[in-house]
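To keep things clear, I will list the structure first and then write my remarks on it.
The values are calculated or read from the model by the stated rules, or taken from the named source; none is laboratory data. Please read all numbers here as calculations on a predicted model, not as lab measurements. Every residue, glycine among them, receives a Cβ derived from its backbone with ideal geometry; neighbour counts consider all protein chains shown.
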Amino acid sequence: MLGLLFIPLAGGFLSMLPGGRVVRPPGAVDERLFLELCTRCGICVKACSSEGRGTLEPCGLLDGVSMMGTPKVNPLRAPCESRYGMCEGRLPCVRSCPTGALRWIEPEEIKLGSVSWSPDRCIAVLGGECLVCAEVCPAPGAITPRNGIPVFHSNRCVGCGRCVYACPADPKALNLMPEGERRHHWDRAGFSR
Ligand code: SF4
Ligand code: SF4
Ligand code: SF4
């Protein structure tokens, strides 16, 4: 019983601690409210691995104490297919969340973030033949190759992480960031603002 009382108290306390920025699952509410509502139950992570692509994992200590146990997208594990893929219109992670930290979002509204490119690591820039990122990208206009080099358009990128997952450079030339992410703006009572 005491344990049940502790969970929301801990969530409220941890939300006040500074943390880094990570790419959240689709349908996440604003970060501050997210950190209060998310009980770190891990149900969305399990749903992602059993019914989705398996991209979600819990944040660790390196993400910041306040973030520990909350879900993040890791495109090195798998891309998120909330758009243009197996989870489109289904969103097992959102449907499984018992607290409202993740809420339903229409596929065309989803933007998890955008990709950042390091040309100094890119095989195409370094003289090799590679446009794997452009081949796997499902978002029209997000990557437009020019003279054999990928050109990235963050306003078209939905943040799925397919290009990061597929990039053959070692270390990877691509990184998924929360820049431009689209989040739900809800207040505690559950009303859209
Ligand atoms: S939409 Fe699918 S792949 Fe993306 S986080 Fe949710 S369950 Fe995982
Ligand atoms: S299911 Fe909801 S409350 Fe549980 S870890 Fe995922 S986001 Fe947090
Ligand atoms: S650029 Fe990469 S992260 Fe963005 S939509 Fe295309 S494959 Fe997904």
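Observations, loosely collected:
Residues checked against (1) closer than 15 Å to Pro79 by Cα; (2) of a type in the set (D, E, K, R); (3) touching an Asp or Glu at 6+ places or on another chain (Cβ under 9 Å); (4) in a loop (DSSP other than H, G, I, E, B):
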| position | (1), (2), (3), (4) |
| --- | --- |
| Val125 | no, no, no, yes |
| Gly128 | no, no, no, yes |
| Cys133 | yes, no, no, no |
| Pro140 | no, no, no, yes |
| Ala169 | no, no, no, yes |
| Glu179 | no, yes, no, yes |
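- Flag for Gly42 being of a type outside the set (Val, Ile, Thr) and buried (at least 16 other Cβ atoms within 10 Å of the Cβ): no
- Cys163 being within 21 Å of the chain's Cα centre (by Cα), of a type in the set (A, V, I, L, M, F, W, C), within 16 Å of ligand 1 (Cβ to nearest atom) and buried (at least 17 other Cβ atoms within 10 Å of the Cβ): yes
- Flag for Val94 being touching a residue at least 12 places away in the same chain (Cβ under 8 Å), more than 13 Å from ligand 3 (Cβ to nearest atom) and in contact with a Pro (Cβ under 8 Å, 6 or more places away or on another chain): yes
- Single residue of Cys87, Cys80 found to be crowded, with 17+ Cβ neighbours inside 10 Å and within 11 Å of ligand 3 (Cβ to nearest atom): Cys80
- Val125 fulfils the conditions (1) away from ligand 2 (no atom under 15 Å from the Cβ); (2) assigned by TED's automatic domain parsing to the domain that holds Thr39 except for a single criterion, (2).
- Odd one out for Lys111, checked against (1) in a loop (DSSP other than H, G, I, E, B); (2) in contact with a helix residue (DSSP H, G or I) (Cβ under 8 Å, 6 or more places away or on another chain): (2)
- Scanning the stretch 30-78 for residues that are among the hydrophobic types (A, V, I, L, M, F, W, C), near ligand 2 (Cβ under 9 Å from one of its atoms) and part of a loop (DSSP other than H, G, I, E, B) yields Cys38, Cys41.
Quick grid of which residues meet (1) within 13 Å of ligand 3 (Cβ to nearest atom); (2) buried (at least 17 other Cβ atoms within 10 Å of the Cβ); (3) hydrophobic (A, V, I, L, M, F, W, C):
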residue	(1), (2), (3)
Ser114	yes, yes, no
Ser118	no, no, no
Glu135	yes, no, no
His185	no, no, no
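- Contact map, the stretch 112-135: residues that are in contact (Cβ under 8 Å) with a residue 12 or more places away in the chain paired with residues that are assigned to a loop (DSSP other than H, G, I, E, B) and among the hydroxyl-bearing types (Ser, Thr, Tyr), Cβ distance under 8 Å, separation 6+ or inter-chain. Pairs shown: Leu112/Ser82; Ser114/Ser154; Val115/Ser154; Ala134/Thr144.
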